[in-house]
Amino acid sequence: MPEPKEPAGAIAATGMGGAMDLATSEAATLERIPGGPQGTDPQGKPRSLWSDAWRDLRRNPVFIISALVILFLVFISIWPSLIAPGSPLKCDLAKAQEGPAPGHPFGYDGQGCNVYTRTVYGARVSVTVGVCATLGVAVLGSVLGGLAGFFGGIPDSFLSRVTDVFFAIPVVLGGLVLLSVVTSNTVWPVVGFMVLLGWPQISRIARGSVITAKQNDYVQAARALGASNSRMLLRHIAPNAVAPVIVVATIALGTYIALEATLSYLGVGLKPPTVSWGIDISSASQYIRTAPHALLWPAGALAVTVLAFIMLGDAVRDALDPKLR
């Protein structure tokens with residue numbers, strides 16, 4: 001009596017010499033699933049952490065809203081004259097403290113300057129300070145923390161003690177002391193101060209990430225195959241340890257914008273004639289009862305900007321954290 005024939009594609013040999021039952025219909029269904037099997041893209045290639053994170057970010061409304069706000073801020077920082085008429089330094093004392101009216105929707109401040117124009121131009125300074133300070137802090141902290149975490153020993157111990165000293169310095173008090181002797185009207189002294197006191201936080205994050213990453217099996221395998229320290233750092237450790245640094249730096253960017261406004265409000269940050277939200281808030285606080293609009297608009301723009309960057313950082317953190325998947 002002949003044996004019954006198995007359906008085509010029902011037997012698949014395994015690497016251990018056994019057999020795995022797989023019905024043809026199930027295999028066809030698996031091929032038709034959008035995105036392929038779990039952990040692969042539509043082309044069947046394994047998905048990386050970054051591709052999974054980008055897919056999650058595109059579906060996150062918090063990320064979309066915050067990203068749109070930040071893109072708008074970048075746009076008006078580069079081309080403020082497209083939406084703000086006139087010069088932010090052009091003032092008319094005859095219009096001092098006037099309220100909103102056609103042609104000047106935000107009114108005028110105590111010097112007769114257009115609040116709307118100054119609010120738009122103030123975004124340029126805030127975004128410039130925030131981005132430059134964040135890049136400086138991220139680069140310096142990542143390099144020092146990554147090298148200390150990778151090599152360990154005396155460099156790691158020395159860096160830990162140095163960061164402890166910097167963590168003991170109050171940021172605002174340090175700004176009052178260090179920036180009070182600076183007479184420059186540019187943003188670079190403020191950026192340098194933020195980098196000087198901000199790198200220890202990123203350094204601690206980078207150090208911990210590198211220590212965790214260098215214990216993985218693929219790093220040990222690369223070391224056993226004779227890979228150099230630079231190759232292990234750049235090709236194997238850095239790509240897998242940079243995610244926490246990106247999250248912290250994104251959130252810190254909003255913090256640096258708020259810190260610049262705080263220092264400018266106290267009179268030790270940016271100084272006139274530079275257009276800054278902190279300077280405008282400081283000037284308008286003197287007549288908040290008679291012209292509150294001059295204070296509310298730059299303060300509102302500052303709050304929205306800081307909130308947008310913090311929301312963006314939270315969304316990036318959720319997307320890059322495997323434990324939340």
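The values are calculated or read from the model by the stated rules, or taken from the named source; none is laboratory data. No experiment lies behind these values; they were computed from the predicted model shown. Here the Cβ positions follow ideal geometry from the backbone for every residue, glycine too, while neighbour counts run over all protein chains shown. Heads up: the accessible areas ignore ligands, DNA and RNA and are worked out on the full protein's heavy atoms, side chains in. Shrake-Rupley method; radii C 1.70, N 1.55, O 1.52, S 1.80 Å.
Some points to look at:
- Ranking 104, 236 by solvent-accessible area of protein heavy atoms (1.4 Å probe, all protein chains present), from largest to smallest, gives 236, 104.
- Site pair residue 186 and residue 230 shows an inter-label distance of 3.2 nm when each label is modelled 7 Å from Cα along Cα→Cβ.
- By the Stokes-Einstein formula, at 1.002 mPa s and 20 °C, segment 184-266 with its Kirkwood radius over alpha-carbon pairs has D equal to 143 µm²/s.
- Sorted largest first, extent of segment 189-232 alpha carbons per principal axis (Å): 47, 17, 8
- Segments 221-232, 287-298, 141-152 sorted - mean Cβ within 10 Å per residue, highest first: 141-152, 287-298, 221-232
- Note on exposure: 98, 260 ranked by accessible area (1.4 Å probe, complete protein assembly) read 98, 260, with the most exposed listed first.
- Relative protection proxy for 107-114, 304-311, 276-283, from highest mean packing down: 276-283, 107-114, 304-311 (other beta-carbon atoms within 10 angstrom).
- Report note on the peptides 131-137, 267-273: ranked by the mean count of other C-beta atoms within 10 Å, highest first, their order is 131-137, 267-273.
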